[in-house]
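A short worksheet on the structure shown next.
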Amino acid sequence: MTEQVYYHQARQPEHAADALRGAHRTDVCVVGAGFAGLSCTLSLLQEGVRDVTLIDRDHAAFGASGRNGGFVFGGYSLGEEALVRQLGADQARSLYQLTLDGMALIKSRIDTLEIDCQANQAGILWANWFDDDRLLEQKQDFMSRHFDVQWRSISAADLRDQLHSDRYHGGLIEDQAIHFHPYRYAAALLAEIRRLGGQVFEHTPMLSLKRPQAGPQVICDQGHIDAQRVVLCGGGYQPRSSCPPVSTAVMPISTYVMTTEPLGDRIHSLMKQPWAVYDTRFAFDYYRPLADTRLLWGGRIEAFGASTESVEQKLRRDLLKVFPQLESVRTECVWSGQMGYSRHQMPQIGPLDEQVWYAQGFGGHGVSTSNIGGDLVARALSNNDQRWQLFRPFGLSNTFGIAGRIAAQCQYWSLQSRDLIRERIR
């Protein structure tokens, strides 16, 4: 089986942008046309910055932004408890609120631009893998006390009536969250950028960033861009040599997704409510029903990736643990994506200096955070908005290349083993 990204089937080749050739000049150059770069570019244009250029090494939303699970919900990869422990209740609450602002921004853009991205308003379910009600009770109370966020509980019996699997022991529902087709959403942002006059170049990798006295110069494979300001949003797909202080501060971590064949009415035999679902393990599964009755299934984290055949085998084993009734169902699409992770598990948003900014490190919880992260940088550049300063405690720190990825893989295996031990004890 060859890799095939289900979402990318929605791509319209006639809407592709040309590659940059020769010299180009702009006010702001945004590097990376994932959610952060698209959001930053669109917000800059909407705030009146007229001369904005967006480039991508492949095509817009080629990377994590066009390969993710499509979950739009609050929070960061660094869990809420750790956020409060590290920063205190007030600052943690302000940071969490930004992720809710990101959800609101996405919903507003879907409505305003009338984006057909198959947005599903059913909510997102955090399903309890372990037979321990205290886990849900403590989480529900914590979110209410510290963040004024109300997650609705569902009992084990009621959940089994709605989600036809014996694997779970109740759950919590984030009713304000949505799930959607991320590539359709990204394509609509790109179309609006073009409508507003933004310049877009695809298949234009940034090789390096030079700093002559006249201002930053983005060196590409077939030309260069002279800019007054540059915003780096490359995430897990940027070469480590492109701008080392920024590009070495994230490590690419692979995760995997597949889709089944269309299930038709069989999808209702799995779930009465079209929730997006993830579970309470560290190494959790995540899945959701698609508009064409397929089931999208994702999970696993690996620092060095795996073959498509291996990915399918692993994901199918995980799927059948939850829904053994799908044993005869075919897999149609399987793909991987590289998330950009920081060592502290939080986004990195801010200025390298007055001329170069960055927004990256959204891996693991990135749809809402990347959208609001790009918007924060745009508003800092256009209106001197200072909300980006909330991320100052989480700056750039080297991830140490291969050594860092080996360490991350070992940590994942350790936490995965902890999940298995906890499951067996209960």
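Points to keep in mind about this one:
- Leading residue by the ranking (surrounded by the fewest Cβ atoms within 10 Å (Cβ to Cβ)) among those in the stretch 369-412 that are of a type in the set (Gly, Ala, Ser) and in contact with a Leu (Cβ under 8 Å, 6 or more places away or on another chain): Ser382
Conditions (1) farther than 27 Å from Ser382 by Cα; (2) among the aliphatic types (A, V, I, L, M), marked per residue:
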site	(1), (2)
Ala16	yes, yes
Leu45	no, yes
Asp56	no, no
Gly70	yes, no
Leu78	yes, yes
Val84	yes, yes
Leu87	yes, yes
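- Every pair of residues 6+ apart whose Cβ atoms lie under 6 Å, when the first sits in the stretch 357-385 and is touching a residue at least 40 places away in the same chain (Cβ under 8 Å) and on the phi > 0 side of the Ramachandran plot while the second is surrounded by fewer than 24 Cβ atoms within 10 Å (Cβ to Cβ) and assigned to a loop (DSSP other than H, G, I, E, B): Gly361/Ser342; Gly364/Ser77
- Remark: Glu302 falls outside the filter, which requires a residue to be modelled with pLDDT under 95 and within 30 Å of Leu45 (Cα to Cα).
- Pair list, Cβ < 7 Å and 6+ apart or interchain, from the stretch 4-25 residues that are in contact (Cβ under 8 Å) with a residue 40 or more places away in the chain and among the aromatic types (Phe, Trp, Tyr) to residues that are surrounded by 10 or more Cβ atoms within 10 Å (Cβ to Cβ) and in a strand (DSSP E or B): Tyr6/Thr259; Tyr6/Cys333
So that you can scan it fast, the table gives a plain yes or no per residue for (1) in a loop (DSSP other than H, G, I, E, B); (2) more than 17 Å from the chain's Cα centre (by Cα); (3) among the aliphatic types (A, V, I, L, M):
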{"position": "Gly350", "(1), (2), (3)": "no, yes, no"}
{"position": "Ser368", "(1), (2), (3)": "no, no, no"}
{"position": "Ile372", "(1), (2), (3)": "no, no, yes"}
{"position": "Glu423", "(1), (2), (3)": "no, yes, no"}
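- Failed condition for Ala227, given (1) modelled with pLDDT of 95 or more; (2) hydrophobic (A, V, I, L, M, F, W, C); (3) more than 30 Å from His164 (Cβ to Cβ); (4) surrounded by fewer than 20 Cβ atoms within 10 Å (Cβ to Cβ): (4)
- Within the stretch 50-63, being modelled with pLDDT of 95 or more, surrounded by fewer than 24 Cβ atoms within 10 Å (Cβ to Cβ) and out of contact with any Asp or Glu (no Cβ under 6 Å at 6 or more places or on another chain) holds for Thr53, Arg57, Asp58, Phe62.
- Within the stretch 352-366, the set of residues being over 26 Å from Tyr286 (Cβ atoms) and either at pLDDT below 95 or in a loop (DSSP other than H, G, I, E, B) (or both) comprises Leu352, Asp353, Glu354, Gln355.
- The stretch 290-305, subset more than 16 Å from the chain's Cα centre (by Cα) and free of Cβ contacts under 8 Å to residues at least 60 places away in the same chain, residue surrounded by the most Cβ atoms within 10 Å (Cβ to Cβ): Leu295
- Summed over the stretch 51-97, residues that are more than 15 Å from the chain's Cα centre (by Cα) and in a helix (DSSP H, G or I) total 17.
Residue-wise test of (1) modelled with pLDDT under 95; (2) in contact with a strand residue (DSSP E or B) (Cβ under 8 Å, 6 or more places away or on another chain); (3) farther than 17 Å from Gly69 by Cα.
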| position | (1), (2), (3) |
| --- | --- |
| Pro289 | no, yes, no |
| Asp292 | no, no, no |
| Leu295 | no, yes, no |
| Gly298 | no, yes, no |
| Ser328 | no, no, yes |
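- Residue, surrounded by the most Cβ atoms within 10 Å (Cβ to Cβ), within the stretch 146-193, restricted to residues that are farther than 30 Å from Gly88 by Cβ and polar (S, T, N, Q): Ser165
- Selection status of Asn128, buried (at least 20 other Cβ atoms within 10 Å of the Cβ) and under 30 Å from Cys220 (Cα atoms): no
- Note on the stretch 247-289: among residues that are over 16 Å from the mean Cα position of the chain (by Cα) and of a type in the set (Asp, Glu), the one that is surrounded by the fewest Cβ atoms within 10 Å (Cβ to Cβ) is Asp265.
- Qualifying residues in the stretch 14-49 (those that are closer than 13 Å to His203 by Cα and not acidic (Asp, Glu)) - the one surrounded by the most Cβ atoms within 10 Å (Cβ to Cβ): Ala33
- Positions within the stretch 2-13 being surrounded by 14 or more Cβ atoms within 10 Å (Cβ to Cβ) and not hydroxyl-bearing (Ser, Thr, Tyr), in sequence order: Gln4, Val5, His8, Ala10, Arg11
- Of all the residues in the stretch 201-217, those that are part of a strand (DSSP E or B) and free of Cβ contacts under 8 Å to residues at least 40 places away in the same chain number 4.
- The helices (runs of 4 or more DSSP H) located wholly in the stretch 100-197 that include 1 or more residues which are among the charged types (D, E, K, R) and within 17 Å of Ser368 (Cα to Cα) occupy 182-195.
- Among the residues here, Gln140 qualifies as among the polar types (S, T, N, Q), more than 19 Å from the chain's Cα centre (by Cα), at pLDDT 95 or above and closer than 30 Å to Ser165 by Cα.
The values are calculated or read from the model by the stated rules, or taken from the named source; none is laboratory data. All of these numbers come straight from a predicted model, not from anything done at the bench. Neighbour counts run over all protein chains shown; Cβ positions are idealised from the backbone, glycine included.
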